[in-house]
1. For the range 63-105, enumerate the residues that are basic (K, R), in contact with a Pro (Cβ under 8 Å, 6 or more places away or on another chain) and open to solvent by less than 40 Å² (accessible area, probe 1.4 Å).
2. Looking at Y135, Y159 in this structure, which one is on the phi < 0 side of the Ramachandran plot, surrounded by 14 or more Cβ atoms within 10 Å (Cβ to Cβ), touching a strand residue (DSSP E or B) at 6+ places or on another chain (Cβ under 8 Å) and hydroxyl-bearing (S, T, Y)?
3. Checking T112 against (1) crowded, with 19+ Cβ neighbours inside 10 Å; (2) in contact with an Asp or Glu (Cβ under 6 Å, 6 or more places away or on another chain); (3) touching a residue at least 40 places away in the same chain (Cβ under 8 Å), only one condition comes out false. Which one?
4. At least 1 residues that are among the basic types (K, R), closer than 27 Å to W316 by Cβ and at pLDDT below 95 in each: list the helices (runs of 4 or more DSSP H) lying fully within the range 129-247 that qualify.
5. Return a yes/no flag: does the range 56-64 have any residue that is at pLDDT 95 or above, out of contact with any Cys (no Cβ under 6 Å at 6 or more places or on another chain) and polar (S, T, N, Q).
6. Can you find even one residue in the range 51-68 that is free of Cβ contacts under 8 Å to residues at least 40 places away in the same chain, part of a loop (DSSP other than H, G, I, E, B) and under 23 Å from L3 (Cα atoms)?
7. Of the numbered conditions (1) out of contact with any His (no Cβ under 9 Å at 6 or more places or on another chain); (2) surrounded by fewer than 20 Cβ atoms within 10 Å (Cβ to Cβ), H119 satisfies every one except a single condition; which is it?
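The values are calculated or read from the model by the stated rules, or taken from the named source; none is laboratory data. Fair warning: this is a prediction, and the values are worked out from it, not measured in the lab. Glycine also receives a Cβ, built like all others from the backbone with ideal geometry; neighbour counts cover every protein chain displayed. Side chains are part of the model used for accessible areas, which takes the heavy atoms of the whole protein and leaves out ligands, DNA and RNA. Shrake-Rupley method; radii C 1.70, N 1.55, O 1.52, S 1.80 Å.
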Amino acid sequence: MRLMIGVSHPKHVLIFKNLVQSLIAEGNDVLVVAVDKDITLYLLSKFNIPYIVIGKNQKGLLRKLLYIPWWVYLTFKSAKRFKPDIFVGRAIPHIAYVSWLFKKPFIIFEDTEIATAVHKITFPFAKMIVTPSSYQDNLGEKHVKFKGFFEQCYLHTSYFEPDSSVLQELNIKENECIILVRFVSWNASHDINDSGFSNKIDLINSLINYGKVIISSEDKLPTELETYCFNLPYEKMHHLMFYSTLFLGESATMGAECAMLGVPSIFVSTSRRGYTDILESQYGLLYNFSGGSESQKFALEKAISILSDYQNSVEWKNKMKYMVDDTIDVNKFMVQLIQDVFRESFNDCSHK
């Protein structure tokens, strides 16, 4: 089987890395078509994943749309050389259109309901749209749901082993309270009209009395907050998450990632996600605050409540263990699904 995968974000690399390694180990050929965003290319190289680059990420929906024809052309050229049997990725337009031109199945793995603009121009070209069971929308006959979360592809206990050396590198004492804060840039196509914290400085000043604050930020921080910035290589972030006491931030992904590791998480945004809702209602690992300024106030109060009453991590790790036992191995599910679609497509072709 020859598989072409589209990625345009570091998270996509993490989701597909174990799948790629499994398929290659079984003798399949895999090629990733990548858009250069943040550390996407760095991660592809680190995990020894074969890839080509078709361009750099563009900020704003209009610029992204203007670049689609060029990326379609470059992806088409690569596909013509590689001759894929099947296409896989998130809801990425150039992969969707090239799969249609080659008359090959395209499987979309998606979990972000609010990315409606890109969904409208990709979903019609998909053979199958695969989402967590928490996905709030009904996508019709193409829709396949699984019980789990995409973050488990790389943070499931079978695939992730924490490394405590990150604490020494950040000069953090053993058992010290760590408050991980995340600010996003709101430049993604699905972030239009969305927002998070209105006053970052006041937020951090409210937290520093409860533990060591470490900030991860997509945008440049105010000068007063630069001393709190996470300054280690990205791949160490998940190890820091594991040893954190609390996550508070504007990123649904990082909130879910911390929840996967048994860390109490607070997600603040004017939009919601099905998977963060389930992490709250069913597993009690994450709290959603999706209103305006009042919601920000309640989120901070919840954070301080958790920090003030936090004795040890046993309760949260037990919640995480229950979640793991209650969900599937998403990597194995994805590999099997792709193989089934390939066999079905191969049999269809052989009978024509």
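1. none
2. Exactly one of Y135, Y159 is on the phi < 0 side of the Ramachandran plot, surrounded by 14 or more Cβ atoms within 10 Å (Cβ to Cβ), touching a strand residue (DSSP E or B) at 6+ places or on another chain (Cβ under 8 Å) and hydroxyl-bearing (S, T, Y), namely Y135.
3. Here T112 clears every test but (2).
4. 200-207
5. Checking the range 56-64: not a single residue is at pLDDT 95 or above, out of contact with any Cys (no Cβ under 6 Å at 6 or more places or on another chain) and polar (S, T, N, Q).
6. Scanning the range 51-68, I find no residue that is free of Cβ contacts under 8 Å to residues at least 40 places away in the same chain, part of a loop (DSSP other than H, G, I, E, B) and under 23 Å from L3 (Cα atoms), so the answer is no.
7. Checking H119 against (1) out of contact with any His (no Cβ under 9 Å at 6 or more places or on another chain); (2) surrounded by fewer than 20 Cβ atoms within 10 Å (Cβ to Cβ), the one that fails is (2).
Conditions (1) surrounded by fewer than 17 Cβ atoms within 10 Å (Cβ to Cβ); (2) modelled with pLDDT under 90; (3) in contact with a helix residue (DSSP H, G or I) (Cβ under 7 Å, 6 or more places away or on another chain), marked per residue:
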site	(1), (2), (3)
E294	yes, yes, no
A299	no, no, no
S313	no, yes, no
M334	no, no, yes
E344	yes, yes, no
S350	yes, yes, no
